1. For residue B:78 and residue A:773, what is the calculated FRET efficiency with R₀ set at 45 Å and r taken between the beta-carbons, to the nearest 0.05?
2. Given that compact globular proteins tend to follow 2.2 N^0.38 Å, what is the ratio of the alpha-carbon Rg of region A:547-627 to that value?
3. Mind listing the Cα extents of region B:60-99 along all three principal axes, in Å, largest one first?
4. Provide the descending list of Cα extents for region A:406-470 along its principal axes, expressed in whole angstroms.
5. Which distance in nm do the two modelled labels at residue A:96 and residue A:196 give, with both placed 7 Å along the Cα-to-Cβ direction?
6. Among the DSSP beta bridges whose two residues both lie in region A:112-236, what percent are antiparallel, rounded to the nearest 5?
7. Using 1/(1 + (r/R0)^6) with R0 = 45 angstrom and r between the beta carbons of residue B:36 and residue A:500, what's the FRET efficiency to the nearest 0.05?
8. Given only helices, namely DSSP H runs of n ≥ 4 each adding -39500 (n - 2.57), what is the per-residue ellipticity at 222 nm of chain A, to the nearest 500 deg cm²/dmol?
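What follows is calculated from the coordinates using simple rules that are stated; it is not laboratory data. Computed from a prediction, not measured in an experiment: that's the story for all the values here. Cβ atoms come from the backbone with ideal geometry, glycine included; neighbour counts cover every protein chain shown.
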Ligand code: SRM
Ligand SMILES: Cc1cc2nc3c(=O)[nH]c(=O)nc-3n(C[C@H](O)[C@H](O)[C@H](O)COP(=O)(O)OP(=O)(O)OC[C@H]3O[C@@H](n4cnc5c(N)ncnc54)[C@H](O)[C@@H]3O)c2cc1C
Ligand code: SF4
Ligand code: FES
């Protein structure tokens, strides 16, 4: 087999390898080098990772399994330092590797401005995950960051840092932001949008020096302005990474020179991506690289293919700022502008015409028609017929009415939907008609919306149009009608923006209602207390009646009272106290529940505190029969009495209940501990079940026995009780931290995968300990009896009516 | 109008409610956003749920039993549900809550 060596595991080489393996998996034995200590990931998505809106795991494009399946020899974390073309070897830190064919895909390097102080710690660039981690490490409330460069990258960095709570200033040399993509009017609107986000924008600012002793402390401009800076991000531009090519004597201009088949000046060496120069052009966006990847895959397989250059369009990925630009819009003789402004809605559109062709478009505030304009530019369509209404977009052409779907419906099959991957509408329709009915399937089939993701909405609209009623919006369901954000978005933003109260969330995340609704408020209350156990004060008014009143409401407005019976064990004294309370408060029904304890049903609200005080006096506490939290730990008698018992299941159940009680969780949590595999405690249909065996304990999770019935799945075998307790605490904490509100553990595990859960709570000991420790921090606040709190004498009047006018009126 | 002093504003938690017993049945007195007070019958027209125990949001409350939503201002059920609860006049003055007892008295006189 021929040996193919690839230098650089970036966006371009990732796509190349996919194309290559898809066409012929056995053509080459591939070795992939990457200077970064990791494989291919979606570099475009570093901004959401910086802002906390996404995790790194979510942006990995090729994982270990993929490399293994395609037998790629991965040499991550090893930079190539030399190419020896005579001997056909590359030289890395761990020695030489020979090649038959070589691909250079080294991307670009950030440009470092030559000012004093640029080497100080705290000065970073924005290119890879290490940069993002450095930035995140420097973040903190009240700290300042200065971003030098107000282009695409600089603004994404600034928005991300702002979301992390930093005080951010952007220094930009030109008169307006993104001057390469935007005209001054759109640049002005963008500047205002940034300032509305709390980001200071200093245009016409020329950096003179970065000041500081041990670290950067401030940035000094030529006009003598200084801005304090705990962090300085250099985002002034990139230059193709051509050092290796230069050293080995390949033809290099601005980038490594390639022909239409992606050959360099050496027939066995190829290059693609940002490091190349093709027909005198270097690219800094991902779409052209994907076209190059297609062609190079063919070339490597000996097929004919030609790359002819790309037209590019730009979108800014800052949440809430809609901006699109494509083509050329410099003022020149013979060009004509069509401008549309709607200051009320903050919309600005500008089209540049040359003769009968559209050659440039800038859209701000409403970018829905971007794809349509871009296709007119690329295809050099004659627009003379629709000139009058052109700026209103495709919905107005041919007299069609303007409804939200019309714009998409009007797009011709050739119209490009996904700019990054060059996927047109027709291709997506084809995939849907071929059986792809979910966004993920369309993504897998066509690659549409798999890079920067800004076209996801368009892809969904194409799906809705093609599938009609058969299409249900797949992933991004908003939390409720009060917001467009999903549960996941909200949780991440609570964390990354340090939001610590419900008003802070509804304010900062622009809730559409004054204070939420009965659906989002309980969820927010949980997310906040789970994220900030020590700082957040539980909001009773955001709790459903049962949790607010620590008792279950019944259909007639009375309540039921269920005291905790640890592991289902009680004593004569407790039973006597329960019996006394039942008589004293005229309880109409005393019932043994399915959870091994006793329910007192039909108690009046105003009697609750007094009844609780009586029960407390006998040592009984709330059983939380009403909570999204720990309910019961069901046990069997176990080795204490049973002739088959292998371990003390009752004792372990009690310990587990004492560990977990009082904790709040996304939905209720029930446990069972059985003393042997006969399983009399029905442990294998609980959220967490423990089966005792001679050698120890088998822990299984994610069972269900309600509306769905499902057996638990094995999580771990533990030799000791201590380990059972630790694994259980870690499991519950992971559930608290990552599950969507109202997903029972079995639903959550189905979403995240049991393997992932296992990795965190069983295999990775450090992660297990950290989870258990975080659970304990939260329990230091919540492991207490709410009944005792509300039974206090000064609390009791609040449980009774405010006033009684029945007597007064009768007078 | 015949205003009756029924308590202090602090007796009702913000975005919460308390019950007032009257000869016409229980009335739920709400303290909505911005300390605006509302009073409506405490019986949900659906199946009698205690509206005073619902979650308060904006000028609305959600019944704790089956999630019907009512306008605190008009007493009308919102959305697809059809029904209405009686509303009463209530106001805050100098930190005290005043409830209009006129209707109670009329009924008494009748
Ligand atoms: C009292 C009890 C029935 C009984 O008389 O035995 C009961 C009563 C209620 N269950 Fe249950 N469940 C009771 C054991 C169970 C069990 C059996 C068990 O725990 O071993 C199950 C099946 C196991 C499970 O949870 O998977 C069970 C599955 C449900 C479900 C379905 C949950 C699901 O995920 O599918 C609901 C509805 C829900 O939570 O959304 C529910 C909801 C309810 C509610 C809270 C309905 C409501 O919202 O008002 C009932 C409250 C009555 C009250 O006021 O006390 N109850 N419920 C049991 C209390 C156990 C305890 O001591 O805390
Ligand atoms: C934060 C950010 C946001 C972006 N947003 C967008 C966007 O919205 N839209 C868009 O179209 N584009 C965007 N881009 C640009 C896009 O990411 C690049 O165009 C694309 O990643 C270039 O791909 P590449 O494979 O050429 O280079 P890269 O993806 O940079 O990969 C090159 C790899 O080669 C490695 N390497 C370099 N030298 C060596 C060596 N000597 N030995 C071994 N390995 C080496 C590097 O470590 C790197 O991992 C963004 C870029 C960034 C940084
Ligand atoms: S099964 Fe549970 S929810 Fe249904 S009526 Fe019985 S106690 Fe109520
Ligand atoms: S009783 Fe109020 S919604 Fe059913």
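1. Numbers: r = 45 Å, r/R0 = 1.01.
E between residue B:78 and residue A:773, to the nearest 0.05, is 0.50.
2. Compared with the compact-globule rule of thumb, region A:547-627 sits at 0.98.
3. 39, 17, 12
4. Its Cα atoms span 28, 23, 17 Å along the three principal axes.
5. 6.2
6. Taking every DSSP beta bridge within region A:112-236, about 30 percent pair in antiparallel fashion.
7. Taking R0 as 45 Å, the efficiency between residue B:36 and residue A:500 is 0.95.
8. Helices in chain A give a 222 nm mean residue ellipticity of -9000 deg cm²/dmol.
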